[in-house]
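The values are calculated or read from the model by the stated rules, or taken from the named source; none is laboratory data. Just so we're clear, the structure is a prediction, and the values are computed from it rather than from any experiment. A quick note on method: Cβ atoms are made from the backbone with ideal geometry, for glycine too, and the neighbour counts reach across all protein chains shown.
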């Protein structure tokens, strides 16, 4: 298997920093023991092993365990038709690891999303700011210990106006005769979603 050969080459280069490759359902994964080396490992995987495409970076909250975070890099080699997953752990106290933006430019939004949702920082990222939540938001909503505040206030949006106009339009256009089977569904929806 080509991916397994490439994973073994990664292990040969970095020795004990890289775990033995494991296979699960046809997917090969290695674990990097020191998250501080992630940029160097990913740089080698791209330059020497042909993993030119970063598919995704994701993070896992291992709440209640130490280390708390697992950051997962999914790599693909289009030229070799191979996929490799690299996992590394980050402690809650540190909550930071080097950015791999210098390896793949597509990393930009992946790292920003993880920062925004989990609070893991990527050292060396030139624009590490929120990407999904508004700038004043002070928490990280994908953490397992996140508690949603119960004091959100409703703010009207332009969508509310569009929805009200659509209701009025469909009330005029649709045949709401009780014998019409579609009318029953529409009336149910209108009753469930009052304006």
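Residue 101 meets all of the listed conditions (1) out of contact with any helix residue (DSSP H, G or I) (no Cβ under 7 Å at 6 or more places or on another chain); (2) part of a loop (DSSP other than H, G, I, E, B); (3) modelled with pLDDT of 95 or more but one, namely (1).
Residues of region 29-41 that are part of a helix (DSSP H, G or I) and in contact with a helix residue (DSSP H, G or I) (Cβ under 9 Å, 6 or more places away or on another chain): 37, 40, 41. Every listed requirement among (1) touching a residue at least 24 places away in the same chain (Cβ under 8 Å); (2) on the phi < 0 side of the Ramachandran plot; (3) assigned to a loop (DSSP other than H, G, I, E, B); (4) surrounded by fewer than 20 Cβ atoms within 10 Å (Cβ to Cβ) is met by residue 50 save one, (2).
Just wondering, is there one or more residues in region 106-117 that are touching a strand residue (DSSP E or B) at 6+ places or on another chain (Cβ under 9 Å) and either touching a residue at least 60 places away in the same chain (Cβ under 8 Å) or not in a helix (DSSP H, G or I) (or both)? Within region 106-117, one or more residues are touching a strand residue (DSSP E or B) at 6+ places or on another chain (Cβ under 9 Å) and either touching a residue at least 60 places away in the same chain (Cβ under 8 Å) or not in a helix (DSSP H, G or I) (or both). In region 118-137, which residues are surrounded by 13 or more Cβ atoms within 10 Å (Cβ to Cβ) and more than 16 Å from residue 97 (Cα to Cα)? Passing the criteria: 130, 131, 133. Here residue 70 meets the list (1) in a helix (DSSP H, G or I); (2) under 23 Å from residue 97 (Cα atoms); (3) in contact with a strand residue (DSSP E or B) (Cβ under 7 Å, 6 or more places away or on another chain) almost entirely, failing just condition (1).
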